[in-house]
1. Of everything in the stretch 157-184 that's at pLDDT 95 or above and β-branched (Val, Ile, Thr), which residue is surrounded by the most Cβ atoms within 10 Å (Cβ to Cβ)?
2. Can you work out which of the residues in the stretch 39-60 that are in contact with a Leu (Cβ under 6 Å, 6 or more places away or on another chain) and buried (at least 19 other Cβ atoms within 10 Å of the Cβ) is nearest to LYS178 (Cα to Cα)?
3. Looking at this structure, is CYS238 more than 14 Å from the chain's Cα centre (by Cα), without any contact (Cβ under 8 Å) to a residue 40 or more places away in the chain and in a helix (DSSP H, G or I)?
4. When you scan the stretch 48-57, do you find a residue that is out of contact with any helix residue (DSSP H, G or I) (no Cβ under 9 Å at 6 or more places or on another chain) and closer than 26 Å to GLU216 by Cα, even just one?
5. Please determine whether any residue of the stretch 11-33 is assigned to a helix (DSSP H, G or I), among the β-branched types (Val, Ile, Thr), modelled with pLDDT of 95 or more and surrounded by fewer than 19 Cβ atoms within 10 Å (Cβ to Cβ).
6. Is it the case that VAL155 is among the hydrophobic types (A, V, I, L, M, F, W, C) and either under 24 Å from MET79 (Cα atoms) or touching a helix residue (DSSP H, G or I) at 6+ places or on another chain (Cβ under 7 Å) (or both)?
7. Restricting attention to the stretch 4-20, does a residue exist that is in contact with a Leu (Cβ under 9 Å, 6 or more places away or on another chain), in contact (Cβ under 8 Å) with a residue 60 or more places away in the chain and farther than 18 Å from ASP96 by Cβ?
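The values are calculated or read from the model by the stated rules, or taken from the named source; none is laboratory data. Given the structure is predicted, the values throughout are model-derived calculations rather than measurements. Here the Cβ positions follow ideal geometry from the backbone for every residue, glycine too, while neighbour counts run over all protein chains shown.
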Amino acid sequence: MRKTGIVVPCYNEAKRINPDLFLVALEMEPNLSFLFVDDGSTDDTFSILEAIREKNPAQVDILQLEYNRGKAEAVRLGMLKAIDGLFDNVGYWDADLATPLEVISDYCNLLDSSDVTVVLGSRVRLLGRSIQRNPLRHYVGRIFATCASLLIDIVVYDTQCGAKIFKNVEPLRKVFWKPFKVNWTFDVELLARFSVITGYTPSQVCSNWYEYPLNEWTDVKGSKVKFKDYIIAVLEFCVLFVCLRTPDRKRYKSYLLDSD
């Protein structure tokens with residue numbers, strides 16, 4: 001088996017993606033591979049991704065979607081391809097590299113040397129760490145994270161950090177098999193799916209999960225998150241509440257376990 005496959009969803013990232021950083025990471029770590037998912041970009045994103053692949057075809061692959069399907073679906077389709085790619089560890093990473101690629105090795109060390117099965121990046125503003133976030137987004141994020149923890153019954157500090165890696169074991173494929181019911185808040189639904197699918201309590205499911213406090217995270221300019229997206233997030237929370245906290249949970253579980 002190859003070691004680690006990282007899915008990088010990309011939508012109109014031509015002005016923000018840094019090819020050199022990805023290529024240096026691959027040169028430093030021969031067991032690392034990137035699967036870029038071009039989510040129907042209308043700028044030069046695909047050309048840039050092609051250039052990266054041409055320089056290292058052994059460690060770079062591209063999944064091109066015909067039209068923009070949203071980050072949740074781009075990540076889901078990329079993860080399914082990575083899961084089937086015989087990697088020990090699979091995960092996804094934001095293309096703007098707000099979380100530095102160097103952290104991937106730290107994540108994998110945890111996965112390889114312990115019973116940890118899921119590592120989640122956590123943007124905790126502690127002394128000695130460089131976590132540079134827009135103040136408004138930070139405080140809105142704290143409210144969001146609290147609501148998410150209550151919704152999925154898992155005490156998690158940061159559900160939305162776009163840097164997560166999983167051991168490539170069951171039930172991971174089932175978690176990503178069906179399209180998410182939401183888009184902007186798909187990370188919350190993703191975490192909730194583990195307990196829905198396995199039937200275990202949230203505490204049992206996350207007993208081997210680890211939140212990794214990042215040493216560095218930068219709020220990169222050019223984010224596509226707008227004010228209206230916060231409104232959408234509230235509406236999506238309502239959708240998830242119905243799926244996870246009402247009698248409709250049985251129908252949602254049937255949806256996830258249906259193999260068709």
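1. ILE165
2. Taking the candidates together, the pick is ASP39.
3. Working: more than 14 Å from the chain's Cα centre (by Cα): yes; without any contact (Cβ under 8 Å) to a residue 40 or more places away in the chain: yes; in a helix (DSSP H, G or I): yes.
Answer is yes for this residue.
4. Taking the stretch 48-57 and keeping what is out of contact with any helix residue (DSSP H, G or I) (no Cβ under 9 Å at 6 or more places or on another chain), we get 50, 53-54, 57.
Filter once more, keeping what is closer than 26 Å to GLU216 by Cα: none.
No, that holds for no residue.
5. Here is the first cut: in the stretch 11-33, the ones assigned to a helix (DSSP H, G or I) are 19-28.
Of the ones still in play, those that are also among the β-branched types (Val, Ile, Thr) are 24.
Among the residues that remain, those that are also modelled with pLDDT of 95 or more are: 24.
Now drop any that are not surrounded by fewer than 19 Cβ atoms within 10 Å (Cβ to Cβ), which leaves 24.
There is at least one residue in the stretch 11-33 that is assigned to a helix (DSSP H, G or I), among the β-branched types (Val, Ile, Thr), modelled with pLDDT of 95 or more and surrounded by fewer than 19 Cβ atoms within 10 Å (Cβ to Cβ).
6. Details: among the hydrophobic types (A, V, I, L, M, F, W, C): yes; either under 24 Å from MET79 (Cα atoms) or touching a helix residue (DSSP H, G or I) at 6+ places or on another chain (Cβ under 7 Å) (or both): yes.
In short, yes.
7. There is at least one residue in the stretch 4-20 that is in contact with a Leu (Cβ under 9 Å, 6 or more places away or on another chain), in contact (Cβ under 8 Å) with a residue 60 or more places away in the chain and farther than 18 Å from ASP96 by Cβ.
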